């Protein structure tokens with residue numbers, strides 16, 4: 001942890017299932033950062049406050065410090081449930097969940113996620129990144145793709161999320177690479193050509209993906225292909241299948257990727273095989289800008 005003697009004007013928190021990240025903020029600038037493995041999945045409701053205080057205590061003075069948190073902290077199993085907002089809507093609304101706290105030095109606001117009733121879908125955390133991107137790009141019209149364990153594709157128009165769709169591509173990659181027969185074939189390493197070929201193969205024939213997956217193992221057994229090529233082929237097949245399913249979102253659209261830089265670069269390469277150009281936005285900056293946008297909302301009158 002850095003900046004251990006730094007007091008914050010407010011504190012930004014991204015609280016996921018596995019990890020907790022916090023930033024001491026002055027205005028819109030982060031002056032210190034801290035991380036913890038105390039994700040939502042490890043905590044009982046009674047443990048959230050102490051996990052947060054342990055992390056941010058050096059930044060707290062005697063005054064009450066606003067804390068704005070996004071992510072799975074607002075899930076039904078989290079600290080306090082922040083009910084979803086139905087799309088179409090702005091990514092943030094001036095309607096935050098407020099958990100009860102025993103420490104008088106913090107005033108916690110938990111940001112609600114978004115839900116889609118037709119073609120049912122939900123998101124938590126990504127709405128804050130979307131809000132942060134739109135704060136810097138208020139006239140954006142197009143599609144935001146947020147690659148990750150559960151990748152989101154969101155159609156944005158007039159400052160609102162019109163619709164979105166989730167793909168479990170990242171989770172499938174982890175399960176197949178670690179739990180399936182392909183665990184014997186997948187290891188560190190990479191092969192760009194194998195990735196691109198796998199993307200285009202799946203986009204042209206998505207119905208053959210299951211056979212193509214087993215062929216990764218068979219090819220290695222029979223032809224001793226390198227493990228880097230196997231990993232790249234698995235990634236390419238899964239991302240290609242996602243692009244086939246998400247085609248109504250990205251085809252002919254202005255596309256921006258918000259997520260891990262390396263993963264976003266893979267998506268950009270995959271999209272480029274289809275002559276779909278994209279830009280990459282910094283995920284952390286988008287998160288902090290979105291949390292700051294939430295803070296600003298609390299200073300505005302409710303409608």
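Please treat every number below as a calculation from the coordinates, not as lab data. If you're wondering where the values come from, they're calculated on a predicted model, not measured in any experiment. Cβ atoms come from the backbone with ideal geometry, glycine included; neighbour counts cover every protein chain shown.
Taking the fewest neighbouring Cβ atoms within 10 Å as the starting point, the ordered list for 106, 130 is 106, 130.
Taking the chain as the reference, fit the longest principal axis to its C-alpha atoms, fit the long axis of helix 126-136 to the helix C-alpha atoms, and give the angle between the two in degrees, 0 to 90, nearest 10. Helix 126-136 and the main axis of the chain meet at about 80 degrees. Helix 261-272 axis versus longest C-alpha principal axis of the chain: approximately 50°, rounded to the nearest ten. For residue 149 and residue 207, the FRET efficiency from 1/(1 + (r/R0)^6), where r spans their Cβ atoms and R0 equals 25 Å, is about 0.50. The value given for the stretch 167-282 is a Kirkwood hydrodynamic radius of 14.4 Å, derived from the mean inverse Cα-Cα separation. As a rough footprinting exposure proxy, the listed residues 109, 155, 184, 150 were ranked by other beta carbons within 10 Å of their own, and the order from fewest upward is 184, 150, 155, 109. Its convex hull of Cα atoms gives the stretch 10-124 a direction-averaged projected area, equal to a quarter of the hull surface, of 7.3 nm². If you average the sequence gap of Cα pairs under 8 Å that are 6 or more apart and divide by the length of the chain, what percent do you get for the contact order? Worked out over the chain, it gives 16 percent.
Helix 209-223 and the long axis of the chain differ in direction by around 60°, with both axes built from C-alpha atoms.
Of 168, 40, the sequence from fewest to most neighbouring Cβ atoms within 10 angstrom is 168, 40.
Look at the Cα gyration tensor of the chain: its axes a ≥ b ≥ c give a/c of at least 1.5 with a/b over b/c, and that counts as prolate.
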